[in-house]
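Here is the structure we will look at.
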Amino acid sequence: MHTFCRPAALLALSLGTVASLPALAADELHYNQVSLRAEASQEVARDLMIVTLYTEEQNTDPAKLAAAVSTTLNKAIGQAKQVKDINLRQGSRNSYPIYDNKGGKITGWRERAELRLESADFAALSKLTGELLGDLKMGGMDFAIATATRKTSEDALLKDAVNAFKARAQLATEALGGKGYKIVNLNFNTNGYPQPYMRPQMMMKAASMDAESVTPEVEPGTSQVTMTADGVVEVLMQ
């Protein structure tokens, strides 16, 4: 019985030693490697105006309610289609019951439907918004960076981020006493920080008026777009 245990133990030890060799090789791959991060940022004008308008009504007859909401919405859509360079799409539309004070009996129905308008022509969209506020209510006014503008900005930031990463890699190499470095891997990530803007006083003023058209004032501002470069470099020692 004992004569078989000793060779088995030696074999297990040998296999364990062989299995540890890839681990040692993996450790050597990370020798003198440094993880670094650099970033570049830029203020980009928010050049896309987004307006959300809505209509909300109630009725005891759900069919009549739906018809009334559709009529108001279709009128606004037809009016918006007459304006050039306005992107139009319908938002959410929901209806729900209204209960009596005891909460057990349905006394009516309320329905709300949204209309979303987008344009790079702030003047045209502001004018249209003022006209539509005669029949609709203001749900929100936001500003964003258009897709084409964001891409142009990111392309420029990519070069800046690479240069910033190289400068940091060179600084780390000098601090470690190396003679140079090579990039092992490099990843990029872009973040934008849109800050939707709304004028509450403008909304209250528009909501308090009946038929008079009100053109909302706009202040789009800018958003900070940041390109981050995360990577690993291997420092070549003297």
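Summary table
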quantity: Rounded if a/c under 1.5, otherwise prolate or oblate - the range 88-127, Cα gyration tensor axes; calculated: prolate
quantity: Long-range lysine pairs (8 or more apart or interchain), the range 48-144, Cα under 29 Å; calculated: 13
quantity: Whole-angstrom Cα spans of the range 48-144 along principal axes, big to small; calculated: 50, 24, 19
quantity: Stretchable slack from D61 to L158, in nm (0.36 nm times residue separation minus alpha-carbon distance); calculated: 29.1 nm
quantity: Potential lengthening between K179 and N94 on full extension [0.36 nm per residue; Cα-Cα distance subtracted]; calculated: 23.9 nm
quantity: FRET efficiency, N187 to A45 (Cβ-Cβ, R0 30 Å, nearest 0.05); calculated: 0.60
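Read-outs throughout are calculated quantities, based only on the coordinates presented, and are distinct from any laboratory measurement. Remember, predicted model here, so these are calculated numbers, not experimental data. So basically every Cβ, Gly included, is an ideal-geometry build from the backbone, and we count neighbours across all protein chains shown.
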